[in-house]
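Scroll down for the structure; my scribbles are underneath it.
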Amino acid sequence: MKFIFKVLILSCFFSELSALNVRVLLRENQEEPWHISSLKGVQLRDAGNKDRVFPKTSTVHALTIQKEDQYIRVNGKKISSKLMWIDPLDKYLTIDGKTYDGRFLIAYEKNKWLLINVIDSEEYLYSVLKTESWPGWPLEVNKGFAIACRSYLLYQLLSSRDRDSVYHIKNTNYHQTYQGIHDDKDLRQAVEETRGIFLAYNQKPILAMFDCCCGGVITAKIVNGMDFTKVPYLARKQACTFCKGTKLYEWRATYSVEQFTSIVQGSRDHVVHPIRGITIADKDKAGLVKKVTIKTKRDFFTITARQMNLLFKGVKSYCFSVLKRGNTITIDGKGHGHHLGMCQWGAREMVRQGWSHKDILQFYYPNTYFMQLAPNNHQEVV
Ligand SMILES: [Zn+2]
């Protein structure tokens, strides 16, 4: 396989991307108070006036922040600034039991209060790998995951400009799960050995989605909600067969009619009568289900495959069949996740067979190439 490896030369377009700080959205809930603490204390500063430390908050160890419409209350004291730094005096901040590194911002955007962690991108990636990769797996696999996560981050960072948002990426599985600091040495090595490297298409970082196990789905045939003209590298024509021997390649979930009815009832605002039958209403060429029709004693209705995936813990993907026989409903499926991009269990098997992480990435993201962020150009983003 041929690689095109380019060192990114600073341009106007990429200048803010080089060795950058990333702004990660940690909290956006408005109702629950945020509980923030630091061993040596914190300072709350007005971001528009660095010298202004809000009185009564300097060097306190714990802050309880309540959000109102146009202001916040910090330990009960009203503060009207819409952009504030929280500086932990020992560098670490604990938020609702999880500890984070870097700097922190409170920002008011689109009628919402946001809590944001500002952190070096490579440190962020190191943290993200703890939850997005498989600690303990071979280094070569985790190097591939590190590059995929970095590419995904840079894609979201550029997209955040279009959204005109104060943050770049969310800390949930809507983007990438991020739960703060850890000390896994192997993951540190995976990040260090791929420092700054990302996958590109048309000179831009790619949306490097990945899931746990693809189940052999050929992604080019997926038509459900995907616009492959924008992300052609996710339309893989060649099936991954490398995950075939794993538990998640094929799965089965069984429910009694009563169990199934009770779970479906949780998502409906009308009474679900005893279920008489279930059929797949619509699926695409890749075999991914779009809708399921449920027939009851009195009526019928449809639920989406996404709802099925959210409602039923045993339904691990969108590629499944359903059968009701007597009092038992059996759902047989393939894969775990959304079936797009890299297949993690497949990648692990490929490493076992001797593939390099670069070969693996180019298999799962066809027609992409590697680029690298220019080093030694740290910039403050805020
Ligand atoms: Zn696979």
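The values are calculated or read from the model by the stated rules, or taken from the named source; none is laboratory data. Here the structure is a predicted model, which is why all the values come from computation and not from measurement. Quick reminder, even Gly has a Cβ in these numbers, built from the backbone with ideal geometry, and neighbours come from all protein chains shown.
Looking at VAL118, VAL42, which is the one that is within 23 Å of the chain's Cα centre (by Cα) and part of a strand (DSSP E or B)?
On the way: VAL42 fails: within 23 Å of the chain's Cα centre (by Cα).
The match here is VAL118.
Kindly provide the set of residues from the stretch 268-285 that are in a loop (DSSP other than H, G, I, E, B) and under 30 Å from LYS221 (Cα atoms), ordered by number.
Pass one, the stretch 268-285, residues in a loop (DSSP other than H, G, I, E, B): 268-274, 284-285.
ASP284, LYS285, listed by residue number.
Could you list, in sequence order, the residues of the stretch 156-177 that are touching a residue at least 12 places away in the same chain (Cβ under 8 Å) and either outside any helix (DSSP H, G or I) or over 24 Å from TYR108 (Cα atoms) (or both)?
Listed by number, the residues that qualify are SER165, VAL166, TYR167, HIS168, ILE169, LYS170, ASN171, HIS175, GLN176, THR177.
Applying the selection to the stretch 335-372, what residues are more than 13 Å from the ligand (Cβ to nearest atom), assigned to a loop (DSSP other than H, G, I, E, B) and under 19 Å from TYR201 (Cβ atoms)?
TYR365, PRO366, ASN367, THR368
Of (1) within 20 Å of CYS343 (Cα to Cα); (2) out of contact with any Pro (no Cβ under 9 Å at 6 or more places or on another chain), LEU199 satisfies all except one. Which?
The number of the failed condition is (2).
Can you pull out the residues in the stretch 130-146 that are modelled with pLDDT of 95 or more and surrounded by 23 or more Cβ atoms within 10 Å (Cβ to Cβ)?
VAL141, ASN142, LYS143, GLY144, PHE145, ALA146
Out of (1) closer than 25 Å to GLN372 by Cβ; (2) surrounded by fewer than 22 Cβ atoms within 10 Å (Cβ to Cβ); (3) not assigned by TED's automatic domain parsing to the domain that holds LEU26, what's the single condition that is false for VAL166?
(1)
Just for the stretch 242-258: of the residues that are touching a residue at least 40 places away in the same chain (Cβ under 8 Å) and more than 30 Å from HIS273 (Cβ to Cβ), which one is nearest to the ligand (Cβ to nearest atom)?
Out of the qualifying residues, it is CYS243.
I'm trying to understand the selection: among the residues of the stretch 303-328, which are away from the ligand (no atom under 13 Å from the Cβ), surrounded by 21 or more Cβ atoms within 10 Å (Cβ to Cβ) and part of a strand (DSSP E or B)?
Residues satisfying the conditions are PHE320, VAL322.
Among THR279, THR219, THR229, which is farther than 20 Å from TYR152 by Cβ and either within 16 Å of the ligand (Cβ to nearest atom) or surrounded by fewer than 17 Cβ atoms within 10 Å (Cβ to Cβ) (or both)? Even if it seems obvious, please write down each step before you answer.
On the way: THR219 fails: farther than 20 Å from TYR152 by Cβ; THR229 fails: farther than 20 Å from TYR152 by Cβ.
Going through THR279, THR219, THR229 in turn, just one is farther than 20 Å from TYR152 by Cβ and either within 16 Å of the ligand (Cβ to nearest atom) or surrounded by fewer than 17 Cβ atoms within 10 Å (Cβ to Cβ) (or both): THR279.
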